[in-house]
Amino acid sequence: MGVVHGQEMVLNIGPQHPATHGVLRLQVKTDGEVISEITPYLGYLHRCFEKHCENVTYEQVIPFTDRCDYLASMTMNFGYVVAVEKLMDIKVNDRVQHIRVIMAELQRIASHLLATGVFGLDLGAFTPFLHMLRDRERIIDLFEMTCGARLLYNYMWVGGLSHDLPKGFVEATLNFLDYFEPKIDEFENLLGHNKIFVERTADIGIMPAEVAINFGVTGPNLRASGIKWDLRKDDPYSIYDKFDFDIPVGQGIKGTIGDSWDRFYVRLQEIRESVKIVRQAIDQLPKDGDVHQSMPKKIRPPKGSIYSRTESPRGDLGYYIESDGSDTPSRLKMRSPAFTALGVLDEIAGGWLMSDVLAILGSLDIVLGEIDR
Amino acid sequence: MTVDYIFDFLTGLLGGFLGSDYLLLASMLIPCLAIFGFITVYALIVIYAELKVSSFIQDKVGPMGQGVGLHAGKWGLLQPVADALKLLLKEDIIPSSADRPLFILAPFMIFIGAFISFVAIPFGESIIVADLNIGLFYILGVGSIAVLSLILAGWASNNKWSLYGGMRSAAQIVSYEIPAGLSLIVVIMLAGTLNLQDIIKYQEGGIFNWIIFDNPFVPIAFVVYFISALAEVNRTPFDLPESESELVAGFATEYSGMRYAFFFLSEYANMFVVSAVAAAGFLGGWQSPFAGFMSTPAWGVFWMISKTGFLIFVMIWLRWTLPRLRVDQLMNVCWKVFLPLALINIFGVAIWTVVFNS
């Protein structure tokens, strides 16, 4: 690209910048439009959640997990309760499992809709973003119907759920899916096959498989690099082994495997797969079963520790919990998939133009709440 | 020319009371005020249109007043007025590290560029402020003042984002003026004049006499001109100088209140100018599409405004549909596609004229 070299300029992108998806500061070295070195600075949204968790009971940790990845609170809850249940060896009944899967997959759809929409917005396409938000809104309505909250649900509890499904939820969800499925094709055509969009994303920000693995990148970003790795299949938790779905991987349709377009496309394909899972889960949903049945009166896990990982919309979300036998965790650590995704930014975006760097950042789908915690 | 008409009129009316110097000054000021009024009203209308059209495209309702009080009027009609008022009342911030005189000068300069272009735009057979014999050339020339002011704004703000915006706009506008100008040469070749009124008169006699239907090369020239014009007025997909998701607001980052409003106003005014040139040069200007039908002067104004309005609508439509190009792709499109295409058009039209029209 740039052959003429001038003086380098240090530029701060953020913390208040429309394309940094929260309060992230990128310190970049620029030579005209070409960016040679990117250093992300974190901590603008650090709320000491992990430290807080050491001082509250196990139930009270759940709202903190909501606030980490605020775009996928359900899956954050899910990961945590799965970890505590493993630690305490609690088996929850089938109805709870199914409801959890329905919620997690709806959340995945909502999160991916926002991710792809904002990615379009980063490239200047305003309309697809609003169309996607419109449909995300309907998922949030479903959540509101279930637990009253629209963003931070505190819905999944250790050993159960806060509420059973409300009346009419199943019909409303099926209605939504019927409405939504054709819209996915619409999004694909509106954004994915737009000539300018392809020009801006194909062959840009290529993340080779080795780089992705070396940096510990997971989730759709890893799958876009062509590696079929999804904890729902490879290390099944809950009842994911009961469902039939595919793991979409990047194929380099418009460019090279692992480019920004692939990351976008993998997310879109995952939305389709999530729709499939939700449909199956609703079909198999047991009619009876108390959602509070296996909830312990007092959550006091035995002395010991556990590392449990689940697949959040952003990737491999891990919880490490150290229990000393009391009713508060003595240490709780989250493994954030967005953090590793941000770590790879300099590797894959260095040397590209300014516009590309922000496009690549958008394609990685980071959420600062989860990175800083 | 209009100034002469007004001067004669005023002399007849007030000749006994005021000296001719004053009257000449007045007869110059009146058209200026008229243009200023026109730009303001037009900007309010097109801002409203932009809000509503974008809302229809994006599946939302847009400004919707409930018809009470000063909220936003019926159907949100008062929204642009409220926007303008807000900008007027906002605090005017000049950064302490900015180059003060240049910072203040930049918004005026961009507006002057847009403003004086209106002088040569024909709205009807006799409704034109100055019927210059180099009208087209003049508009292209003064249109370039915009780039100067954008660089000025970018430099004077003493902000890195503004600098990026200013540099991008310089590269972009200077490059795209070339295909735009070359496409208009096709019009000049066919009409044989640079005078916009004569170009429009050349297209007399119904829709098939419009220059765009003259021969198969002209529609290509029209498309090249229109897309280049989009780039010249910094509209999506070529809004790189102010690309909000990359450069915050580009050259306008540090501007607030009325100074920002001037950039805004000029953008819309420039949209009108380039659309009006396209309408006059390719689409028959104030000529009716039906020969000898609906062709009174009043209809002339209607045709001119509606043709221009349609092109502005297309610009709004594109803005809310397309993503943005990257800066090097922008340059590639200009130099590797549009420029050769424009040159081929000139040869094509020349050969076509010699072979078929002589």
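The values are calculated or read from the model by the stated rules, or taken from the named source; none is laboratory data. Everything numeric in this text was worked out from a predicted model, so none of it was measured. Note that each Cβ is placed from the backbone with ideal geometry, even for glycine, and that neighbours are counted across all protein chains shown.
Among the residues of the stretch B:300-308, are any without any contact (Cβ under 8 Å) to a residue 12 or more places away in the chain, hydrophobic (A, V, I, L, M, F, W, C) and more than 14 Å from every other protein chain (Cβ to nearest Cβ)? Checked the stretch B:300-308: at least one residue is without any contact (Cβ under 8 Å) to a residue 12 or more places away in the chain, hydrophobic (A, V, I, L, M, F, W, C) and more than 14 Å from every other protein chain (Cβ to nearest Cβ). Every condition in (1) surrounded by fewer than 22 Cβ atoms within 10 Å (Cβ to Cβ); (2) modelled with pLDDT of 80 or more; (3) of a type in the set (Gly, Ala, Ser) is met by B:SER275 except one, and the failing one is (1).
Going by the structure shown, is B:LEU341 crowded, with 16+ Cβ neighbours inside 10 Å, more than 14 Å from chain A (Cβ to nearest Cβ) and either assigned to a helix (DSSP H, G or I) or among the basic types (Lys, Arg) (or both)? I'd like the intermediate steps shown before the answer.
On the way: crowded, with 16+ Cβ neighbours inside 10 Å: yes; more than 14 Å from chain A (Cβ to nearest Cβ): yes; either assigned to a helix (DSSP H, G or I) or among the basic types (Lys, Arg) (or both): yes.
Considered against the rule, which asks whether it is crowded, with 16+ Cβ neighbours inside 10 Å, more than 14 Å from chain A (Cβ to nearest Cβ) and either assigned to a helix (DSSP H, G or I) or among the basic types (Lys, Arg) (or both), B:LEU341 comes out as yes.
When B:GLU242, B:GLU246 are checked against the criterion of being crowded, with 19+ Cβ neighbours inside 10 Å, over 19 Å from B:GLY143 (Cβ atoms), touching a helix residue (DSSP H, G or I) at 6+ places or on another chain (Cβ under 6 Å) and of a type in the set (Asp, Glu), a single residue qualifies: B:GLU246.
Looking at (1) surrounded by 15 or more Cβ atoms within 10 Å (Cβ to Cβ); (2) part of a helix (DSSP H, G or I); (3) within 14 Å of another protein chain (Cβ to nearest Cβ), which is the only condition B:THR321 fails? The number of the failed condition is (2).
Given the options A:LEU165, A:LEU142, A:LEU133, name the one that is in a helix (DSSP H, G or I) and either away from chain B (no Cβ under 14 Å) or in contact (Cβ under 8 Å) with a residue 60 or more places away in the chain (or both). Break it down stepwise before answering.
Values: A:LEU165 fails: in a helix (DSSP H, G or I); A:LEU133 fails: either away from chain B (no Cβ under 14 Å) or in contact (Cβ under 8 Å) with a residue 60 or more places away in the chain (or both).
When all the criteria are applied, what remains is A:LEU142.
May I ask you to list the residues in the stretch B:223-253 that are away from every other protein chain (no Cβ under 14 Å) and not in a helix (DSSP H, G or I)?
Restricting attention to the stretch B:223-253, the residues satisfying the condition of being away from every other protein chain (no Cβ under 14 Å) are B:223-226, B:228-229, B:232-233, B:251.
Of everything in the stretch B:223-253, just one residue is away from every other protein chain (no Cβ under 14 Å) and not in a helix (DSSP H, G or I), namely B:VAL233.
When restricted to residues that are farther than 18 Å from A:ALA341 by Cβ and either among the hydrophobic types (A, V, I, L, M, F, W, C) or assigned to a loop (DSSP other than H, G, I, E, B) (or both), the stretch A:18-34 contains 4. Here the helices (runs of 4 or more DSSP H) wholly within the stretch A:201-259 that include at least 2 residues being touching a Leu at 6+ places or on another chain (Cβ under 9 Å) are A:209-214. As a summary of the residue check, A:ASP290 satisfies the conditions (1) acidic (Asp, Glu); (2) under 30 Å from A:THR328 (Cα atoms); (3) at pLDDT 85 or above except for the one numbered (3). Residue by residue through the stretch B:249-262, note down the ones that are modelled with pLDDT under 85 and either crowded, with 24+ Cβ neighbours inside 10 Å or under 18 Å from the mean Cα position of the chain (by Cα) (or both). Residues satisfying the conditions are B:GLY250, B:PHE251, B:ALA252. Within the stretch A:238-268, track down each residue that is aromatic (Phe, Trp, Tyr), under 30 Å from A:VAL96 (Cα atoms) and within 19 Å of the chain's Cα centre (by Cα). Scanning the stretch A:238-268 gives A:TYR240, A:PHE245. Screening the stretch A:239-253 for residues that are buried (at least 18 other Cβ atoms within 10 Å of the Cβ) and modelled with pLDDT of 85 or more and picking the one that is nearest to A:GLN269 (Cα to Cα) gives A:PRO248.
Only one entry of A:SER330, A:SER308, A:SER260 meets the criterion of being in contact (Cβ under 8 Å) with a residue 40 or more places away in the chain, hydroxyl-bearing (Ser, Thr, Tyr) and crowded, with 22+ Cβ neighbours inside 10 Å, and that entry is A:SER260.
Going by the structure shown, is A:ILE282 among the hydrophobic types (A, V, I, L, M, F, W, C), closer than 24 Å to A:HIS163 by Cβ and not in a loop (DSSP other than H, G, I, E, B)?
yes
Looking only at the stretch A:186-222, count every residue that is within 14 Å of chain B (Cβ to nearest Cβ) and of a type outside the set (Asp, Glu) and tell me the total. Lay out the reasoning, then the answer.
Narrowing the stretch A:186-222 to residues within 14 Å of chain B (Cβ to nearest Cβ): A:186-187, A:189-205.
Then drop every residue that is not of a type outside the set (Asp, Glu), which leaves A:187, A:189-198, A:200-202, A:204-205.
The qualifying residues number 16.
Within the option set A:ASN189, A:ASN221, being more than 30 Å from B:LEU318 (Cα to Cα) and not acidic (Asp, Glu) holds for one residue only, A:ASN221. Among the conditions (1) within 30 Å of A:LYS303 (Cβ to Cβ); (2) more than 17 Å from the chain's Cα centre (by Cα), the only one that A:GLY124 does not satisfy is (1). If you take the residues of the stretch A:122-157 that are surrounded by 24 or more Cβ atoms within 10 Å (Cβ to Cβ) and hydrophobic (A, V, I, L, M, F, W, C), which of them is nearest to A:VAL84 (Cα to Cα)? The residue in question is A:MET156. If the condition is being part of a helix (DSSP H, G or I), at pLDDT 85 or above and polar (S, T, N, Q), then the stretch A:325-373 contributes A:THR340, A:SER363. Only one entry in A:LEU358, A:LEU353, A:LEU345, A:LEU364 is within 15 Å of A:LEU24 (Cβ to Cβ), in contact with a helix residue (DSSP H, G or I) (Cβ under 9 Å, 6 or more places away or on another chain) and surrounded by fewer than 24 Cβ atoms within 10 Å (Cβ to Cβ), namely A:LEU345. Just so you know, in the stretch A:54-81 the residues that are in contact (Cβ under 8 Å) with a residue 24 or more places away in the chain, over 16 Å from the mean Cα position of the chain (by Cα) and in a helix (DSSP H, G or I) include one that is surrounded by the most Cβ atoms within 10 Å (Cβ to Cβ), and it is A:VAL81. For A:GLU33, the conditions (1) within 21 Å of A:LEU121 (Cβ to Cβ); (2) without any contact (Cβ under 8 Å) to a residue 40 or more places away in the chain; (3) acidic (Asp, Glu) all hold with the exception of (2). Once the stretch A:297-324 is narrowed to residues that are assigned to a loop (DSSP other than H, G, I, E, B) and touching a helix residue (DSSP H, G or I) at 6+ places or on another chain (Cβ under 7 Å), the residue that is nearest to A:PRO337 (Cα to Cα) is A:ARG314.
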